[in-house]
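Down below is the structure, laid out as structure tokens.
The values are calculated or read from the model by the stated rules, or taken from the named source; none is laboratory data. Values in this document were obtained by computation on a predicted structure and should not be read as measured data. Neighbour counts run over all protein chains shown; Cβ positions are idealised from the backbone, glycine included. Only protein heavy atoms, including side chains, enter the accessible area calculation; ligands, DNA and RNA are left aside. Shrake-Rupley method; radii C 1.70, N 1.55, O 1.52, S 1.80 Å.
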Amino acid sequence: MAKQPHLLVEEGDVEEIALIPGDPGRVDRIAKQCENVEEVAQNREYKVVNATYDGVPLTICSTGIGCPSAAIAIEELSRVGVETFIRVGTIGALQEHVEIGDMIVATGAAKEEGTTRRYESKVIPAVPDYDVLTSLVDSAEANDEEVHVGPIVSDDAFYNESDDYVEAWNEAGLLGIEMEAATVFSLARRRGLRAGAICTVDGNLVKGTQKGADSDEELPEKAKNNVERAITLTLDAVTTLA
């Protein structure tokens, strides 16, 4: 298999399990909790690093913002050997009781984005792999951490999430909104691979708060600190999945 054109990786460069944050900076935050860290490639929004955690080899790769760039990462990583994908991201809450800094493990993602429609009908569900889902929940329980477990929505239009949309998603019982999970779940399922997602809440759209709204920083301090907890839970889940 030739070198992939966007991630600049080829067979033998990556491991079977990949953690896929959106932010390239979060690649480094995940790597700080690991050992034997080695940068493999960096191009555009994609930063690829290999490391080990508790003896388990893994790859960390940023996907950038949104489903189109996430799809490129899934396509290219799967072509060179990745079999399990875990999104470690941030999410805006859609329910009153979900607070900034809380963590959500997704049981499915509504397809309010355009990428998956180029692959399949909108009525086909975007759901995580059961083993990945349960490993994340079990990891939270083992670490005495509370996580919300339920459906979310993936949307393309960050600046056009109107009150009508938010109200509809809230009434449907969706826990939060982010921009990549639906494509990650769908592409992994179509290729017989495993995928899951755990996200830290960085705002609450029902309460009218959105990341960056009240600070020069992208993430509120509580969310920034709790991203580290989500990373730890994910890395512990990797040891089970391996």
inquiry  = Condition first: open to solvent by less than 40 Å² (accessible area, probe 1.4 Å) and part of a helix (DSSP H, G or I). Now tell me which residues in region 110-130 satisfy that.
reply    = T116
request  = Being more than 19 Å from the chain's Cα centre (by Cα) and at positive phi is the filter; apply it to region 37-74 and report the residue that is most open to solvent (accessible area, probe 1.4 Å).
outcome  = D54
message = The conditions are (1) open to solvent by 10 Å² or more (accessible area, probe 1.4 Å); (2) modelled with pLDDT of 95 or more; (3) touching a strand residue (DSSP E or B) at 6+ places or on another chain (Cβ under 6 Å), and I100 fails exactly one of them. Which is it?
response = (2)
query = Do you know which residues across region 131-157 are more than 19 Å from Q95 (Cβ to Cβ), open to solvent by less than 70 Å² (accessible area, probe 1.4 Å), of a type outside the set (A, V, I, L, M) and touching a residue at least 24 places away in the same chain (Cβ under 8 Å)?
reply = S135, S139, N143
